1. Name the residue, out of 416, 405, that is modelled with pLDDT under 95, within 23 Å of residue 149 (Cβ to Cβ) and surrounded by fewer than 18 Cβ atoms within 10 Å (Cβ to Cβ).
2. Of all residues in the range 50-64, how many are away from ligand 1 (no atom under 11 Å from the Cβ) and over 22 Å from residue 151 (Cα atoms)?
3. If you check 273, 293, which single one turns out to be over 18 Å from the mean Cα position of the chain (by Cα), under 20 Å from residue 205 (Cα atoms), at pLDDT 95 or above and outside any helix (DSSP H, G or I)?
4. Does the range 39-49 include one or more residues that are in a helix (DSSP H, G or I), surrounded by fewer than 24 Cβ atoms within 10 Å (Cβ to Cβ) and away from ligand 1 (no atom under 12 Å from the Cβ)?
5. Given the conditions (1) within 17 Å of residue 387 (Cβ to Cβ); (2) away from ligand 2 (no atom under 16 Å from the Cβ), which single one is not true for residue 69?
6. So which of 307, 295, 283, 302 ends up being closer than 24 Å to residue 215 by Cβ and assigned by TED's automatic domain parsing to the domain that holds residue 354?
7. For the range 50-66, how many residues are away from ligand 2 (no atom under 16 Å from the Cβ) and either crowded, with 24+ Cβ neighbours inside 10 Å or closer than 30 Å to residue 228 by Cα (or both)?
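The values are calculated or read from the model by the stated rules, or taken from the named source; none is laboratory data. This structure is a prediction, so every number in the text was calculated from the model and none was measured. When we count neighbours, we look across all protein chains shown, and the Cβ atoms used for this are built from the backbone with ideal geometry, even at glycine.
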Ligand SMILES: [Zn+2]
Ligand SMILES: [Zn+2]
């Protein structure tokens, strides 16, 4: 019978790495990293590339792909991902090598060896490799992302990976309804919370942006390069925002990749509208003027750990007319978090007089979402919670036990094995 080995994301958010083993062979689902306080990558558990039939990357976030090139330093396993996932992965891995290269056991060559022979996979199609069959399913997390239904020795294992069930601008809800699975490995990032309705977050964000801009200020939106920055641009474009909007950093590069892959985008017309109406920061001259007139600057990085967003924040923080609007999770110890909690920026502790707000634009499923997701999947005997902290997992576990007819709910830790 197949086994599930947790090489990463056991009782922690991120560092996703799930190994399905059968007859001494493995199918690896994701191989990501986390980062420690000094920004050094933390790797998942070891696996011998020659024992693997294949590696499937569910999406291009570093916590799902950051360790993958390590498996290709010598001869690596076959690699599978949607076309968009593979495309954006290359950009992110090169960027990570640029920033953290000194701490990485691989370089650009391994990235090329990995992606050079990759197979594009498509939603709803079945792929067979050795004793495993797998099918990517639309997961609604970011463009190109997939949940993976694996079949081995007659057992059906559904790995949701990061998933969402709401309608955003870039992606729509996951399509897992009616899937049959014996085991569901589900993310639990927000296992103890419910998000406000997305439309309400969008409206609240838009109203706040207008208030700042109409008061003569500029709004900085520090945003993750992959998906969040483009999503925010589309929220503004949809409402015909008439002030200048600038896109800076990798946000812009990923927007261009998305635009070239419209079939992965829920509302490609809106993305095109944003890209045609909004302005691209293409150098220092643009950067110096982007924040000087009322408008919006959407810039990477999302937690202000460097990148153009930090440049803007330093120059905009002291002016009370401006706004710094966070649209994603701010990890403890990041400049974004210290702005939210202490009202100061960076080691210099620049006082932030600009209006500071946080908005929930999460791309992760919440507690109620997980419950309804599980209700829609047939034949579930066992649920395995990953990609969540223990507090969130305990809350989710109780709610699943209350509302669903599933008694086997596991919360494995790092390197734990689950026998099926
Ligand atoms: Zn993740
Ligand atoms: Zn993700």
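1. Details: 416 fails: modelled with pLDDT under 95.
Just a single option satisfies the conditions, and that option is 405.
2. The initial filter retains those residues of the range 50-64 that are away from ligand 1 (no atom under 11 Å from the Cβ), namely 50-57.
Within this subset, residues satisfying the condition of being over 22 Å from residue 151 (Cα atoms) are none.
Residues in the range 50-64 being away from ligand 1 (no atom under 11 Å from the Cβ) and over 22 Å from residue 151 (Cα atoms): 0 in total.
3. Values: 273 fails: outside any helix (DSSP H, G or I).
Residue meeting the stated conditions: 293.
4. Here is the first cut: in the range 39-49, the ones in a helix (DSSP H, G or I) are 49.
Checking which are surrounded by fewer than 24 Cβ atoms within 10 Å (Cβ to Cβ) leaves us with 49.
Pick out the ones that are also away from ligand 1 (no atom under 12 Å from the Cβ) and you get 49.
Taking every residue of the range 39-49 in turn, at least one turns out to be in a helix (DSSP H, G or I), surrounded by fewer than 24 Cβ atoms within 10 Å (Cβ to Cβ) and away from ligand 1 (no atom under 12 Å from the Cβ).
5. The single condition residue 69 does not satisfy is (1).
6. Numbers: 307 fails: closer than 24 Å to residue 215 by Cβ; 283 fails: closer than 24 Å to residue 215 by Cβ; 302 fails: closer than 24 Å to residue 215 by Cβ.
Only one candidate passes the filter, namely 295.
7. Going residue by residue through the range 50-66, those that are away from ligand 2 (no atom under 16 Å from the Cβ) are 50-55.
Now drop any that are not either crowded, with 24+ Cβ neighbours inside 10 Å or closer than 30 Å to residue 228 by Cα (or both), which leaves 54-55.
The number of residues fulfilling the criteria is 2.
For every residue, the table says whether it meets (1) more than 23 Å from the chain's Cα centre (by Cα); (2) surrounded by 15 or more Cβ atoms within 10 Å (Cβ to Cβ); (3) under 19 Å from residue 262 (Cβ atoms); (4) modelled with pLDDT under 95.
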{"residue": "122", "(1), (2), (3), (4)": "no, no, yes, no"}
{"residue": "128", "(1), (2), (3), (4)": "yes, no, no, no"}
{"residue": "137", "(1), (2), (3), (4)": "no, yes, no, no"}
{"residue": "140", "(1), (2), (3), (4)": "no, yes, yes, no"}
